[in-house]
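Structure first, commentary second.
The values are calculated or read from the model by the stated rules, or taken from the named source; none is laboratory data. Given the structure is predicted, the values throughout are model-derived calculations rather than measurements. Neighbour counts are summed over all protein chains in view; Cβ atoms, including those assigned to glycine, are modelled from backbone coordinates with ideal geometry. Accessible surface is based on the protein model in full, side chains and every heavy atom, while ligands, DNA and RNA are left aside. Shrake-Rupley method; radii C 1.70, N 1.55, O 1.52, S 1.80 Å.
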Amino acid sequence: MNFSEVFKQSNQLCKVSPDGKYLATCVQYRLVVRDVSTLQILQLFTCLDQISHMEWSSDSLFILCAMYKRGLVQVWSLEQPDWHCKIDEGSIGLVSSRWSPDGRHVLNTTEFHLRITVWSLCTKAVSYIKYPKACQKGIDFSRDGCYMALAERRDCKDYVSVFVCDDWHLLRHFETETQDMGGLEWSPNGCVLAVWDSCLEYKVLLYSLDGRLLSTYSAYDWSLGVKSVTWSPSSQFLAIGSYDEKVRILNHITWKKIAQFDHPATINSSKAVVYKEVEKRPAVVNDDLSLHNITIGATLFNTQSKYEICPLPVQIPVTKPDPDRANPKIGVSTLAFSSDSRFLATKNAGIQVQSLSWHCSGDSLVLLGKEQLCICYMDTDQEDT
């Protein structure tokens, strides 16, 4: 496995464009855009303050840079480097900023979640949405980008509002049967909305687009509940990760549990293959951020690593949570289906890893850091770790 030179970045702000052609990194108040194939610097933008959040538009033409401390958002264009947009939320503050699916609207959430401001880059129109709820995942867009589901909190009750993204008018508004909503997520086909309660109660509710309650699922009571939820790309399965370090799979017909997977600390399956990195050369940090051509070849990939297959059984190092500290690192925190919905990768919070994601082909898994994985083949009852 070959590695390029190590480039500077701040706050782990490093993202590849959706079309896979560009790599954007943030270094303090500077935004650096590189070509993925050559790592040559294409654009270098300077923001007004240190960048807190960076995000590509869906068409890879614009980059959003948010500076939460100053309540500012700056938008840069790759096609027209001289063009830029600045959004100032003023004294009301800023805690979150993101793109709409069309890549032409910016959604800013103000401090204390007083409102969401929708800014249009095309018409310069501004829309306001009141009562957004501060929760794990309070906003989600349908896969086709036509609708936005928003978690709201009014009069000590939880609600869901569905907006049309074309003109941001309200389509549906209904109350949910949750004590303290933890998040919501659209199914990929846009027919069902999954809503779950906070970690204090294990409850998952399935709603139709018109607000009808289709089903309710609860695995147990009187213990920490749901930590993560994700749909399969086919919309046939709903995976629920909980604080008891287990993953439960619901089907889309009866909304009943069809499978359950654990996270064993010892890998001893005859079908498991464990790779261990045994050699790695130190990388050289490149501090040069000027617009220049870099040499491709040996200097581009000057670091290599070697992996060997470990004999079974393999003991996975687990970090035990400290019971005296708040927010213990326990439970299944990340779920990721393969593109064909046949495999499910899960991350247990007790093991140190930053992210995991599937390759677009669905046959290989990309990991960042050291992690324990549970690979579930959805066509059989077998489980490989």
Conditions (1) part of a strand (DSSP E or B); (2) open to solvent by 30 Å² or more (accessible area, probe 1.4 Å); number of the one not met by residue 174: (2)
Kindly evaluate residue 95 against the criterion of being touching a helix residue (DSSP H, G or I) at 6+ places or on another chain (Cβ under 6 Å), of a type in the set (Val, Ile, Thr) and surrounded by fewer than 20 Cβ atoms within 10 Å (Cβ to Cβ). yes
Does residue 197 qualify as being surrounded by 22 or more Cβ atoms within 10 Å (Cβ to Cβ) and free of Cβ contacts under 8 Å to residues at least 40 places away in the same chain? yes
Within the stretch 142-163, residues open to solvent by 20 Å² or more (accessible area, probe 1.4 Å), of a type in the set (A, V, I, L, M, F, W, C) and touching a Cys at 6+ places or on another chain (Cβ under 7 Å) come out as 146
Tell me, which residue of the stretch 73-83 that is without any contact (Cβ under 8 Å) to a residue 24 or more places away in the chain and not charged (D, E, K, R) is least open to solvent (accessible area, probe 1.4 Å)? 77
Of everything in the stretch 103-126, what is open to solvent by 20 Å² or more (accessible area, probe 1.4 Å), closer than 15 Å to residue 139 by Cβ and within 22 Å of the chain's Cα centre (by Cα)? Give them in sequence order. 105, 113
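Per-residue answers, yes or no, for (1) among the hydroxyl-bearing types (Ser, Thr, Tyr); (2) out of contact with any strand residue (DSSP E or B) (no Cβ under 7 Å at 6 or more places or on another chain); (3) modelled with pLDDT of 90 or more; (4) not in a loop (DSSP other than H, G, I, E, B):
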| position | (1), (2), (3), (4) |
| --- | --- |
| 253 | no, yes, yes, no |
| 263 | no, no, no, no |
| 271 | no, no, no, no |
| 283 | no, no, no, no |
| 290 | yes, yes, no, no |
| 294 | no, yes, no, no |
